[in-house]
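Before any comments, here is the structure.
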Amino acid sequence: MFFVCSVAVTGISTEPPLIIELFESLLTPCSRALRKVGYLRGQILIKVRHRQSRRAWQPHLDRTQQLIRDAIRLCPQRRKAVILGSGLLLDIPLGDLRRAFREVVLVDVVHPLKVTLLAKWLGNVRLVRADVTGTAEDLIRVANSQTLTLPRSTPMLFCDDPEVDYVASVNLLSQLPHFPTVYLDQQQDRPESEVDAYARQLVESHLDYLTRLPGVVSLITDVEKLKVDRNGRVLERFDILYGARVPQPDIEWIWQHVPLNRLSKDFAYHRRVVAIKNVKAAGE
Ligand SMILES: C[S@@+](CC[C@H](N)C(=O)[O-])C[C@H]1O[C@@H](n2cnc3c(N)ncnc32)[C@H](O)[C@@H]1O
C-alpha cells in the first residue's frame with residue numbers, strides 16, 4: 001500500500017520501504033490532516049531515497065552544512081537558532097549549532113521518531129511541530145469544493161521573538177507547494193492557473209517571511225529540476241518555484257537528486273541549489 005502510494009506521488013519507483021519504516025509511519029506523531037496531505041509519507045520517502053542515493057547526495061548535504069557553519073560566524077549574538085525544515089537532520093550541522101547557541105529550535109511539519117528521541121536526550125534542542133505556511137488545515141477544509149477559495153499563507157512563527165539570533169530555511173522552500181499541489185490534484189478539479197497561483201503564493205510568502213524574521217537569516221533551496229543525459233547535457237529544465245525569484249545567491253551547486261541508473265540508464269535528474277548566508281543583506 002505504502003509502496004503503491006510512493007510510486008503514485010513521485011513517479012519514481014522506489015524499493016519497498018522496510019518493515020521498520022512502516023512501523024515508523026504508524027508511531028510518528030502527525031495529525032490525520034497532515035498525513036492526508038502526504039507530509040509523513042513524503043518524509044519517509046526522503047529517508048528511503050537518501051539510503052538509495054547516499055553517495056550522490058553527500059556533496060549537497062556537506063555544502064548545505066558548510067553554508068550554515070559560515071552563517072553562524074555572521075551572528076554577533078548567539079541565543080536562539082531556528083532551523084526551518086529540519087526533517088531528518090541530514091543537512092544540519094547540529095553539533096556546531098548546539099555549541100554556538102544557547103538553544104536550537106528545530107521546526108518541521110513532521111519530526112521523525114529518531115529526532116524526537118534525540119531532542120529529549122540533548123540538552124539545548126527543542127522541537128516545534130508546525131506547518132510553516134500555516135495553510136495545511138485550511139487546505140483540507142476547502143480542497144473538496146470548487147467554490148471555496150484556496151488559503152493564503154501569512155507566516156508569523158518566531159517573527160516577534162526577540163531572542164532569535166539565527167534562522168535557516170533548509171532545503172524547504174520547494175517542498176512548500178509540493179505536497180499541497182499533489183493533494184489538490186487528487187481532489188476536485190480546479191483550474192490549473194488557480195493551483196499554480198496558490199503554489200506561487202506559498203513560495204513568495206515564505207521568501208517575504210524570511211526578511212521579516214529577527215537575526216541573521218539563511219536560505220538554502222533547490223530552484224530548478226534538470227533532466228540530464230549520460231553526457232551531462234541538460235535536456236529539460238523545470239522551474240520548481242513557480243516563477244518566484246530568490247535573492248542573489250552567495251553560492252550555487254548541482255545536487256544529483258536522482259542519479260543515472262536509478263530511474264533510467266539514459267538520464268538523471270539533478271537539482272540546481274542556491275544558498276544565501278544572509279537573506280536580508282542579499283541583492284535581488
Ligand atoms: C527536503 S527536506 C529538507 C531536508 C532536511 N533538512 C533533512 O535533513 O532531512 C524538507 C523538509 O521540509 C518539511 N516540510 C515540508 N513542508 C513543510 C511545511 N509546510 N512546514 C514545515 N515543514 C515542512 C518536510 O517534512 C521535510 O522534513
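Descriptive notes on the structure:
- Residue in the range 183-190 that is surrounded by 16 or more Cβ atoms within 10 Å (Cβ to Cβ), within 14 Å of the ligand (Cβ to nearest atom) and modelled with pLDDT of 95 or more present: no
- Every residue from the range 121-158 that is of a type in the set (S, T, N, Q), under 23 Å from ALA81 (Cα atoms) and without any contact (Cβ under 8 Å) to a residue 40 or more places away in the chain: ASN124
- Wholly enclosed helices (runs of 4 or more DSSP H) of the range 12-90 bearing at least 2 residues modelled with pLDDT of 95 or more and more than 10 Å from the ligand (Cβ to nearest atom): 54-72
- Strands (runs of 3 or more DSSP E) within the range 217-281 that include 2 or more residues free of Cβ contacts under 8 Å to residues at least 24 places away in the same chain: 234-239
- Of PRO177, PRO191, all but one fail to be over 16 Å from the mean Cα position of the chain (by Cα) and of a type outside the set (D, E, K, R); the exception is PRO191.
- Within the range 96-145, tally of residues that are assigned to a loop (DSSP other than H, G, I, E, B), within 12 Å of the ligand (Cβ to nearest atom) and open to solvent by less than 30 Å² (accessible area, probe 1.4 Å): 8
- Close pairs from the range 184-207: first among the β-branched types (Val, Ile, Thr), partner modelled with pLDDT of 90 or more, Cβ under 7 Å, at least 6 apart: VAL195/THR181; VAL195/LEU184; VAL203/LEU173; VAL203/LEU176; VAL203/PRO177; VAL203/LEU241; VAL203/TYR242; VAL203/ALA244
- Looking across the range 160-182 at every residue that is in contact with a helix residue (DSSP H, G or I) (Cβ under 7 Å, 6 or more places away or on another chain) and assigned to a loop (DSSP other than H, G, I, E, B), the one that is most open to solvent (accessible area, probe 1.4 Å) is identified as ASN171.
- Exactly one residue out of LEU90, LEU148 is surrounded by fewer than 14 Cβ atoms within 10 Å (Cβ to Cβ) and hydrophobic (A, V, I, L, M, F, W, C): that is LEU148.
- Output for the range 237-279, where each listed residue is charged (D, E, K, R) and at pLDDT 95 or above: ARG237, ASP239, ARG245, ASP250, GLU252, ARG271, ARG272, LYS277
- Single residue of the range 237-265 satisfying the filter (over 23 Å from the mean Cα position of the chain (by Cα) and open to solvent by 80 Å² or more (accessible area, probe 1.4 Å)) that is farthest from ARG51 (Cα to Cα): LYS265
The values are calculated or read from the model by the stated rules, or taken from the named source; none is laboratory data. Remember, predicted model here, so these are calculated numbers, not experimental data. Methodologically, a virtual Cβ is constructed for each residue, glycine included, from the backbone with ideal geometry; neighbour enumeration extends over all protein chains shown. Note: accessible area is taken over every heavy atom of the protein model, side chains too, but ligands, DNA and RNA are not part of it. Shrake-Rupley method; radii C 1.70, N 1.55, O 1.52, S 1.80 Å.
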